[in-house]
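J.: Okay, handing you the structure first.
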Amino acid sequence: MDQFTKDEYAKLSESYKDTCKSSKLSDALAMLGDGWNGAWDEFCYNKTLADTGDVVAVLKKYRQKCTDMKLRLGSGSVLEQVYQDAFGALAKAVQTRAELTPSTTPRLCWHDTHNRLIRRGDGRKRKPDGCFIVGSIGSVQWHNISVAVEIKGDSMDGEHHVIRGQILQDFIDMAEIMPRRFMLGLTLSRGGEIHLYVCVPGRIYIAPLYSLPSEHDSDTYSTSDKCLVAFFLFLHQQLGKDSGYLARHSISLPCGLRLDSIVDTSRGSDNTLPSSTVVSLNSADGVAGGVFGRHRHLKGQRTWSYPATYSDGTMQNAFFKFQWGYDGDYEIDVHQFVLAKGVPNVPKLLYTANVEGKGVGPKGQQFKGEALVMEDVGGNIVWHAFDKDGLNMGDARIIDVFAGYVYTLLAAAVIDSQNKYALHRDVSMGNLMVSDNGSPYVIDWGCGRVCTHGEEPRSSGKQMIGTAIYMGIRILTNCKKRSVVDDLESLFLVFCHCLWRRYGKRNAHYEDIWSVKSLSNVSNARIAWLVSEKNFFDRMGLYENDTPKALRALAIGMYTVLLQSKSPIHSFNADDDDPRVDAFDAQEWLQVFNIARGYASINADVHMRCLHKLRKYVKRKSAHRISFIVEPAIQPSEDSLEDGLHASSNSGSERPSDESNIGDLPESPTPSGFKKRAPGSLLGPASRKKRQR
């Protein structure tokens, strides 16, 4: 059995305790959107409960079924199986009655799944005790469940951590493949009490319903019995119209999505694609039901991304993305800003739309959705350049591609005439792409931010900004001031990780650097690595005889510019300035790439296009101005740390094998031509003199 343990469910419930809020039924339903707000009150008004024949017919059928099964609900301690059978009898009775009413929308069907394990995306299997699904299906899958149901006997009440953890995990599994605007869940526990769970972005509302009707043979029915049956009939009516998906109804991958079918959207004004375009969504990595993005959690930013195609006369490759985020932190805004600024190596946007959301964040922030289609820009850097089983580039081409990434980050971060600039804030292996012709691209500006030089500090509301294993050491240790230097440090870490995957000798010593176990493990391992007197590069198992000299030179040069002085490593006060910001000189980065190029085996077909463009840009922008923003002092939670890993899971990262420590190795020399700095100094005399001038 792959079922989760009770401890796992209890831990999940505890981690979401601040996200779950008690609510009245009408208020919880109002969070589902305009089609739901006030619909329950209107339903009850139109159907006088004392007179409706539908409700009475359902209750009669339900009691008859309970009698046939000899269920005893009102005596002693009721077992889970008794509640399971009784709830199934009620659900079937409601379904039978609802099917007598003519309808142009899909029907809601009950499925008893308490003995049926359903596979999740990670291969594990688990099950809800039951579920409601809109329409007829071939088999029950997590993505086509509209309402999940969890049932416990009288030994557990509706507020218990285990049953709450189960329904929360149901929501996570339901949203793993297909974007959801909302999800519903029901729990049945001690005394037959039923609770409704309403999951919207950033918040889960819990509303008490009514108790399961007793099985007593009588012609009289209580008001609560009638209200419960009426609510189930209401769900049949409403979920047939809107079951919470991005495009109202469930779809299975691969599938076609017409852009104007996305619910509650306001389209962008400069879209290249017409809203009537049908975009075909495909499974990520060719895995059945596969999807990229941060979608394995219920709070904070959530993202679903799919390889896609569309036709404008000929078939075109593209990428479709939908995400929930906080109002004011739009990826579309950041992406459009860097495009308008002329920042190179950024994919074109073909279609954008904002989606209304009813969720509320932990600090009262409103949630908004974004849907976008962007041009296809190839695969990520590790597959194109470093994967032993994939395509490979020569050392000169790799140097050129990383020069392109530096150019992109610098061009975005330089303050423009309007005093604005942009930071990416999530430079990771999965966000650095290379097209088939070798052009670099920086994607996923969803954690990015358009900033104003000298602006007042403001919280973005996000628990964790970036991917933990690639965060700069100052950000990892919760320093609040953030700049493009931190983005460049992330780029350096991605480069080291790529080299280690391709050329390194696997050993347990660096497992904590590239594999997140806990935030403290990542931070402590990183500090020990960076402050080591031994050469950081050789200690990763990247020996000179095994690693191309040009790539070693590039990594050592980046390390020298970013970290050799150790001052950023020792600045752990959250309010301290990063000394690398005032001392920043793009000429040093150009020097690093020029030196590495000198070691490369240049082929006739390698023109070093990106390095040439970076060289021209640095010379043209001789007086770069960069700035920093002040982030909220929020310690990342362990579950958000885990979600950060999922954001880069499409990079193909894997846990290293356990091998013996390689021991102490002599320090390798700094590449010739690159002057070693004295401890505590970030700039040589020439560049300092230039800045003073």
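J.: Return the total of residues in region 361-397 being part of a strand (DSSP E or B) and not charged (D, E, K, R).
T.: Residues of region 361-397 that are part of a strand (DSSP E or B), as a first pass: 366-375, 379-380.
The next check asks that each one be not charged (D, E, K, R); those that pass are 366-367, 369, 371-374, 379-380.
The total comes to 9.
J.: Are there any pairs with C-beta distances below 8 angstrom linking a residue in region 22-38 that is open to solvent by 20 Å² or more (accessible area, probe 1.4 Å) to a residue that is of a type in the set (Val, Ile, Thr), with the two at least 6 apart or on different chains, and if so which?
T.: Hits for this filter: SER22/ILE206; SER23/VAL198; SER23/ILE206; MET31/VAL198; MET31/VAL200.
J.: Now a separate question. Looking for whichever is surrounded by fewer than 22 Cβ atoms within 10 Å (Cβ to Cβ) and at pLDDT 90 or above here; the options are GLU375, GLU455. Which one fits? Working first, answer last.
T.: On the way: GLU455 fails: at pLDDT 90 or above.
Answer to the selection: GLU375.
J.: With the condition kept exactly as written, say whether any residue in region 150-168 is of a type in the set (Asp, Glu), open to solvent by less than 10 Å² (accessible area, probe 1.4 Å) and either free of Cβ contacts under 8 Å to residues at least 24 places away in the same chain or assigned to a strand (DSSP E or B) (or both).
T.: yes
J.: Does region 213-222 contain at least one residue that is in contact (Cβ under 8 Å) with a residue 12 or more places away in the chain and either part of a helix (DSSP H, G or I) or of a type in the set (Phe, Trp, Tyr) (or both)?
T.: yes
J.: Let me ask something else about it. Consider region 179-201. How many of its residues are open to solvent by 10 Å² or more (accessible area, probe 1.4 Å) and in a loop (DSSP other than H, G, I, E, B)?
T.: 1
J.: Do the conditions hold for LEU71, that is, is it outside any helix (DSSP H, G or I), open to solvent by 50 Å² or more (accessible area, probe 1.4 Å), aliphatic (A, V, I, L, M) and farther than 16 Å from SER189 by Cβ? Please lay out each step first, then the result.
T.: Details: outside any helix (DSSP H, G or I): yes; open to solvent by 50 Å² or more (accessible area, probe 1.4 Å): no; aliphatic (A, V, I, L, M): yes; farther than 16 Å from SER189 by Cβ: yes.
So LEU71 does not fit the description; no.
J.: Just one of (1) closer than 30 Å to LYS420 by Cβ; (2) within 17 Å of the chain's Cα centre (by Cα); (3) open to solvent by 20 Å² or more (accessible area, probe 1.4 Å); (4) among the charged types (D, E, K, R) trips up ASP329, so point out which.
T.: Every condition holds for ASP329 apart from (3).
J.: Can you name every residue in region 273-326 that is open to solvent by 10 Å² or more (accessible area, probe 1.4 Å) and among the hydrophobic types (A, V, I, L, M, F, W, C)?
T.: Within region 273-326, LEU273, VAL278, VAL287, ALA288, VAL291, PHE292, MET315, PHE319 meet the criteria.
J.: Could you give me the residue pairs with C-beta distances under 7 Å whose first residue belongs to region 598-618 and is at pLDDT below 90, whose second residue is open to solvent by less than 100 Å² (accessible area, probe 1.4 Å) and part of a loop (DSSP other than H, G, I, E, B) wherever it lies, and which are 6+ apart or on separate chains?
T.: If the second residue must be open to solvent by less than 100 Å² (accessible area, probe 1.4 Å) and part of a loop (DSSP other than H, G, I, E, B), the pairs left are SER601/GLY394; ASN603/GLY394; VAL606/GLY394.
J.: Considering each of TYR407, TYR441, TYR421 in turn, give the residue that is open to solvent by 20 Å² or more (accessible area, probe 1.4 Å), of a type in the set (Phe, Trp, Tyr), under 21 Å from ILE626 (Cα atoms) and modelled with pLDDT of 90 or more.
T.: TYR407
J.: Okay, moving on. Among the residues of region 244-270, which ones are in a loop (DSSP other than H, G, I, E, B), in contact with a Leu (Cβ under 9 Å, 6 or more places away or on another chain) and modelled with pLDDT under 90? Spell out the reasoning first.
T.: Within region 244-270, the first condition is being in a loop (DSSP other than H, G, I, E, B), and the residues that meet it are 244, 246-247, 249-254, 262-264, 268-270.
Checking the rest, the ones that are also in contact with a Leu (Cβ under 9 Å, 6 or more places away or on another chain) come to 244, 246-247, 251, 253-254, 262-263, 268, 270.
ALA247, ILE251, LEU253, PRO254, VAL263, GLY268, ASP270 - these are the residues of region 244-270 that are in a loop (DSSP other than H, G, I, E, B), in contact with a Leu (Cβ under 9 Å, 6 or more places away or on another chain) and modelled with pLDDT under 90.
J.: Suppose we filter ASN345, ASN380, ASN354 for residues that are polar (S, T, N, Q), under 19 Å from the mean Cα position of the chain (by Cα), over 19 Å from ARG181 (Cα atoms) and open to solvent by 10 Å² or more (accessible area, probe 1.4 Å); which single one remains?
T.: ASN380
J.: Still on this model: Specify which of the listed residues (ASP333, ASP400) is more than 23 Å from SER627 (Cβ to Cβ), among the charged types (D, E, K, R), in contact with a strand residue (DSSP E or B) (Cβ under 9 Å, 6 or more places away or on another chain) and not in a strand (DSSP E or B).
T.: From the options ASP333, ASP400, the qualifying one is ASP400.
J.: Moving to a separate point now. If GLY359 passes every condition in (1) open to solvent by 10 Å² or more (accessible area, probe 1.4 Å); (2) farther than 28 Å from SER280 by Cβ; (3) not hydroxyl-bearing (Ser, Thr, Tyr) but one, which one does it miss?
T.: It fails just one condition, (1).
J.: Within region 102-123, can you find the residues that are open to solvent by 40 Å² or more (accessible area, probe 1.4 Å) and free of Cβ contacts under 8 Å to residues at least 40 places away in the same chain?
T.: PRO102, THR104, HIS111, ASP112, ASN115, ARG116, ARG119, ASP122
J.: Please identify the pairs in which a residue from region 249-277 that is among the basic types (Lys, Arg) has its Cβ atom under 7 Å from the Cβ atom of a residue that is at pLDDT 90 or above and open to solvent by 50 Å² or more (accessible area, probe 1.4 Å), counting only partners at least 6 apart or on another chain.
T.: ARG258/SER276; ARG258/VAL278
J.: Can you tell me how many residues in region 34-48 are at pLDDT below 85 and part of a helix (DSSP H, G or I)?
T.: 6
The values are calculated or read from the model by the stated rules, or taken from the named source; none is laboratory data. Just so it is clear, the model here is predicted, and its values are computed rather than measured. Note: ideal-geometry Cβ built from the backbone for every residue, glycine included; neighbour counts use all protein chains shown. The area values use the complete protein model at the heavy-atom level, side chains included, leaving out ligands, DNA and RNA. Shrake-Rupley method; radii C 1.70, N 1.55, O 1.52, S 1.80 Å.
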